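The block underneath contains the structure these notes are about, expressed in structure tokens.
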Amino acid sequence: MQTNSDPALFWIGLSSIPGVGRITFRKLVDLFGSPERALSVSYEDLKKIGMLSDKVAAAIGSFPWQEHAKREIAKADEANIAIVTADNPAYPESLRNTPDRPPYLYVKGALRAEDSNAIAIVGTRKPTHYGMTVTRRIASELSSAGFTIVSGMARGIDTQAHRGALTAKGRTIAVLGCGIDVVYPPENKGLMEEISSAGRGAVVTENPFGTQPESGYFPSRNRIISGLSQGTVIIEAAEDSGSLITAKYTLEQGRKLYAVPGNIGSLTSKGTNNLIKQGAILVEGVEDILRDLGMQKRDKGPDMPARPLPALTQEETTVLRCITNEPKHIDIIMNESRANAGKLGGVLINLELKGLAKQLPGKYFVREES
């Protein structure tokens, strides 16, 4: 449990002073050795270093930082949240080595040493069925290969990345662009609880309790996502996607950047395809990532046999061959399969019941993952 005498008091306190951002915080700690010592320096001595404005130097001595810090620690105690400072051995080493690291993290769940072997997966909030399917598969296979999956808990690709890791019974870290006590998006409340419980991973943020998910917090969140990871996989991103900010941080931090190619006619593929043109490593499967990292595909547990296909009629087999991971209209399926119009509906229903196909709005159909 955190206490009011915990060193986190000074870390939170110094960062709460108006005008002391992450960069100034780090400079002060590097100069004086610790947040506690920086807070004890007189106004006159602070002015001598020539790094701070009069206003900020005065605030360090006058701002009621202890009140704020004690409130944060009390809230953390009550909610069973850990506050992990950058000098704590539990602070992720990969993040500690980034130039713009958070002074401390609020952690719900647990960070483990094995999380140093992490890959981030991010992408659009409005993915296609192809994007969701690929994300779940890559996240699941990376998780089975021993990687912790890091993402941002957003709708779409992020959510599928977390769920893919959990499905494979692996670990995942969700980085929030809000306070640790704020559920965003609201529909992911159950997912947040699942990640932070029973050793499945951790939910983390640098933002104080009660911070609402305003747009300005998400770019900062993205540097933490990439900073926790050996590399970042971008899956479906438009030309102005926030995921491209994560890609930028990934390169600035000297980490690996991967991108999954998409349909050249899809707006959600413009950003990812452009990244590949600019040098991102093209990913068609997990093997591409493992090969780039000098690893071979391996599973954490015993090999799991693939789900056998249920018995199919000749008509069902013919129609199933025409259904892919890309949504396809029933009329196209009928033309390609040359199925009888009167029987095709029944065949498609049987394939749905057997878990091999799924109907989407507008009479479109896609393959279901086995």
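Pairs meeting the criteria (first residue in segment 260-274 and touching a residue at least 12 places away in the same chain (Cβ under 8 Å), second residue in a helix (DSSP H, G or I) and among the aliphatic types (A, V, I, L, M), beta carbons under 8 Å, at least 6 apart or on different chains) are Val260/Val134; Val260/Ile138; Pro261/Ile276; Gly271/Leu244. If only residues of segment 18-43 that are part of a helix (DSSP H, G or I) and exposed (fewer than 12 other Cβ atoms within 10 Å of the Cβ) are counted, the one that is nearest to the chain's Cα centre (by Cα) is Ile23.
Here are some residues: Ala165, Ala139, Ala120. Which one is at pLDDT 95 or above and more than 30 Å from Ala8 (Cβ to Cβ)?
Numbers: Ala165 fails: more than 30 Å from Ala8 (Cβ to Cβ); Ala120 fails: more than 30 Å from Ala8 (Cβ to Cβ).
The unique qualifying residue is Ala139.
One residue stands out in segment 326-357 among those that are open to solvent by 50 Å² or more (accessible area, probe 1.4 Å) and touching a residue at least 40 places away in the same chain (Cβ under 8 Å): the one that is nearest to the chain's Cα centre (by Cα), namely Glu326.
The number of residues in segment 241-272 being of a type outside the set (A, V, I, L, M), surrounded by fewer than 22 Cβ atoms within 10 Å (Cβ to Cβ) and more than 17 Å from the chain's Cα centre (by Cα) comes to 7.
The condition (being of a type outside the set (D, E, K, R), part of a loop (DSSP other than H, G, I, E, B) and modelled with pLDDT of 95 or more) is satisfied by just one residue among Ser215, Ser229: Ser229. Restricting segment 37-70 to residues that are free of Cβ contacts under 8 Å to residues at least 40 places away in the same chain and in contact with a Phe, Trp or Tyr (Cβ under 8 Å, 6 or more places away or on another chain) leaves a set whose member that is farthest from Phe209 (Cα to Cα) is Val41. It is to be established whether one or more residues within segment 133-144 are closer than 22 Å to Asn80 by Cβ and open to solvent by 20 Å² or more (accessible area, probe 1.4 Å). The answer is no; no qualifying residue exists.
Residue by residue, here is whether (1) assigned to a helix (DSSP H, G or I); (2) touching a Pro at 6+ places or on another chain (Cβ under 9 Å); (3) open to solvent by 20 Å² or more (accessible area, probe 1.4 Å) holds:
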| site | (1), (2), (3) |
| --- | --- |
| Gly164 | yes, no, no |
| Gly170 | no, no, no |
| Ala174 | no, no, no |
| Tyr184 | no, yes, yes |
| Lys189 | yes, no, yes |
| Glu193 | yes, no, yes |
| Ala198 | no, no, yes |
| Ala202 | no, no, no |
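Quick check on Thr159: is it on the phi < 0 side of the Ramachandran plot, open to solvent by 10 Å² or more (accessible area, probe 1.4 Å), polar (S, T, N, Q) and more than 14 Å from the chain's Cα centre (by Cα)? Before you say what the answer is, go through the steps one by one.
Details: on the phi < 0 side of the Ramachandran plot: yes; open to solvent by 10 Å² or more (accessible area, probe 1.4 Å): yes; polar (S, T, N, Q): yes; more than 14 Å from the chain's Cα centre (by Cα): no.
Here the answer is no, as Thr159 does not meet what is asked.
Please verify whether Arg221 is under 14 Å from Ala120 (Cα atoms) and either open to solvent by 20 Å² or more (accessible area, probe 1.4 Å) or in a loop (DSSP other than H, G, I, E, B) (or both), treating the condition exactly as stated. If you could, list the steps in order and put the result at the bottom.
Numbers: under 14 Å from Ala120 (Cα atoms): yes; either open to solvent by 20 Å² or more (accessible area, probe 1.4 Å) or in a loop (DSSP other than H, G, I, E, B) (or both): no.
No.
The values are calculated or read from the model by the stated rules, or taken from the named source; none is laboratory data. Owing to the predicted nature of the structure, the values given are computational and were not obtained by experimental measurement. Ideal geometry is used to build each Cβ from the backbone, glycine not excepted, and the neighbour counts take in all protein chains shown. All accessible areas refer to the heavy atoms of the entire protein, side chains included, with ligands and DNA or RNA removed. Shrake-Rupley method; radii C 1.70, N 1.55, O 1.52, S 1.80 Å.
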